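As structure tokens, the structure follows; a few thoughts come after it.
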Amino acid sequence: MILDSFKLEGKVAIITGAGRGLGRAMAVRFAQAGADVVAAARTLAELQETAAMVKPTGRKCLVAQTDVTRSDQVNAMAAAAIKEFGRIDILVNNAGGYHRGMGKKLHELADDEWREGIDTNLSSQFYCCRAVISQMLAQQSGKIINIASGWGLRGGKNVFAYACAKGAVLQLTRSLAVTYAKKNIYVNCIVPGIFEGAAQYFQGGKFIPLGRIGRDAELGPLALFLASEASNHLNGAFITIDGGGLAGGITPTGVFPRQSE
């Protein structure tokens, strides 16, 4: 049956940024599909809430309090996953987000603000991929799903480190895909548009062709597809999920971020 190819029974998935929002939605969806989950984020209380939401599915949820901008903590997270489950089948690099330098002009950006944006949104994904790749090579299988942003595909006024980092995530995805394809390791990228966590910046999404922002739960099925055998000939791809935002060209509206001239 074709639906069987979407099942994740026997799989182990690491999901970063799983304490809330899109990460939590993906963690629950993966567990519903049969996967055991390693939920990683910085805030322990939020991770415990995610684990409580996974529990009714009957799958295990290992809580891994992790700052993904620190490679030592990322390596410890991967080691804990292997110790608990003996394998890592899926990595979803979801952690990231806005930072202190957002909205500043180039000459206003301090070195530490630049580094924060790059480390939060790019170095973190590099660290996580590096931490799991040896296990995936040993298994001769794996699925890596990087999460970028529409800002990685277009310019934004006074959006420097974030846009540069998200654009680099696309290239990280491509490089990983062509390097490990023959090892049965697939690497793809989801490019979300405006979802619930950013609604306040975009006037409720009225400039999006669909007329609304995305709902966190709507990302889970796409991530599930990329994590499952249903996507086994998809590699190095970018899939936008943005209600038609890029197609409709929302950049000229200038709705985010709000800038003075």
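Read the figures in this text as sums done on the coordinates, not as results from a lab. Given the structure is predicted, the values throughout are model-derived calculations rather than measurements. A quick note on method: Cβ atoms are made from the backbone with ideal geometry, for glycine too, and the neighbour counts reach across all protein chains shown.
Sort 81-87, 216-222 by the packing proxy (mean of other Cβ within 10 Å over each peptide's residues), most packed first.
Values: 81-87: 15.6, 216-222: 17.4.
Packing order, densest peptide first, comes out as 216-222, 81-87.
Using mean Cβ contacts within 10 Å as the protection proxy, how do 139-146, 24-31, 230-237 order, highest first? Could the numbers behind the result be given before it?
Numbers: 139-146: 20.8, 24-31: 26.9, 230-237: 14.6.
So the peptides 139-146, 24-31, 230-237, ranked by packing, come out 24-31, 139-146, 230-237.
Among DSSP beta bridges whose residues both lie in the chain, state the antiparallel percentage, nearest 5.
On the way: 0 of 28 bridges.
Beta bridges within the chain, antiparallel portion: roughly 0 percent.
Under a straight-distance cross-link criterion of Cα-Cα below 26 Å, which lysines are reachable from residue 157, leaving out those fewer than 8 residues away in the same chain?
104, 105, 166, 206
Using 0.36 nm times the number of residues separating residue 230 and residue 134, minus their current alpha carbon distance, what extension gain do you get? Kindly include the intermediate steps, with their values, before the conclusion.
Values: separation 96, 0.36 × 96 = 34.56 nm, distance 2.39 nm.
Separation in residues times 0.36 nm, less the Cα-Cα distance, equals 32.2 nm.
Highest first, please rank the peptides 49-55, 148-154 by the mean number of other Cβ atoms sitting within 10 Å of their residues. Walk me through the intermediate numbers first.
On the way: 49-55: 17.3, 148-154: 20.7.
My ranking of the peptides, most packed first, is 148-154, 49-55.
Kindly express, to the nearest 10 degrees and within the range 0 to 90, the angle between helix 71-85's C-alpha long axis and the longest C-alpha principal axis of the chain.
Approximately 30 degrees, to the nearest ten.
To make sure I understand the rule: partners must be lysines, Cα under 19 Å from the Cα of residue 83, and not fewer than 8 residues away in the same chain. Which ones qualify?
11, 60
Sort out for me the Cα centre separation of the stretch 27-61 from the stretch 142-187, rounded to whole Å.
25
Find out how many positive minus negative residues lie around residue 74, taking Lys and Arg as positive, Asp and Glu as negative, among other residues whose Cβ is under 14 Å from that of residue 74. Can you show the working numbers first?
Numbers: positive: 42, 70, 130; negative: 67, 72, 119.
Neighbourhood net charge equals 0.
If I fit a long axis through the Cα atoms of helix 161-180 and take the longest principal axis of the Cα atoms of the chain, what angle between them do I get, 0 to 90°, rounded to 10?
30
Contour minus end-to-end for residue 84 and residue 212, with contour as 0.36 nm per residue of separation and end-to-end as the Cα-Cα distance?
42.0 nm
I'd like the FRET efficiency for residue 49 and residue 106, computed as 1/(1 + (r/R0)^6) with the beta carbon distance as r and R0 of 45 Å, rounded to 0.05. Mind showing how you got there, number by number?
Details: r = 39 Å, r/R0 = 0.86.
Given R0 = 45 Å and the Cβ-Cβ separation, E is 0.70.
According to the square roots a ≥ b ≥ c of the eigenvalues of the Cα gyration tensor, what is the shape class of the stretch 89-240, taking rounded for a/c under 1.5, prolate for a/b larger than b/c otherwise, and oblate for the remainder? Walk me through the numbers on the way to the answer.
On the way: a/c = 2.46, a/b = 1.40, b/c = 1.76.
Cα axes put the stretch 89-240 in the oblate bin.
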